[in-house]
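Shown next, in structure tokens, is the structure this report addresses.
The values are calculated or read from the model by the stated rules, or taken from the named source; none is laboratory data. Source: prediction; values computed, not measured. So basically every Cβ, Gly included, is an ideal-geometry build from the backbone, and we count neighbours across all protein chains shown.
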Amino acid sequence: MDKKIETYIDKIVSELNCGEEQKREIIDEMRDHLYLLKNEYIEQGFTNEEATQKALENFGEQKQLINGLQESLFPFYKVFKMGTWILFGLYSLIILFKLLFQRMIIRITDYANGFANPYYVFHRIQKDILIWKL
């Protein structure tokens, strides 16, 4: 086993978002192709190191391979990732509104509607206690 080839494969496969079984299949497939390329270069008269280097160069750049493999494994990955971030953002805005802005609006309306009115204050406190019990 060639250390450079194994490192090359590991870097690519570690970046993929897929199951362990799929990763093992990809590792086996890439290993077979790379060693076949390496053997072809050795048959052409290159040294072991040169053949390994040429096989890796011929196989492609790691980042492009990662993107291509990820796209083939999960074609809607970018859309899914963007959708997840959009939903997270909407959820965050709803929580922010609920925790901050709604309370600010309630306090402003309480003040504007006569917060000094004892009946209104008592009624408001009862309503808040009822909400917290639910």
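Values as computed for the structure displayed
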item: Any pair with Cβ under 7 angstrom, 6 or more apart, that starts in the range 47-66 at a residue that is of a type in the set (D, E, K, R) and ends at one that is part of a loop (DSSP other than H, G, I, E, B); result: 54/46
item: Residue list for the range 70-92, restricted to those being at pLDDT below 90 and not polar (S, T, N, Q); result: 71, 73, 74, 75, 76, 77, 78, 79, 80, 81, 82
item: Residue within the range 16-31 that is among the aliphatic types (A, V, I, L, M) and touching a residue at least 40 places away in the same chain (Cβ under 8 Å) present; result: yes
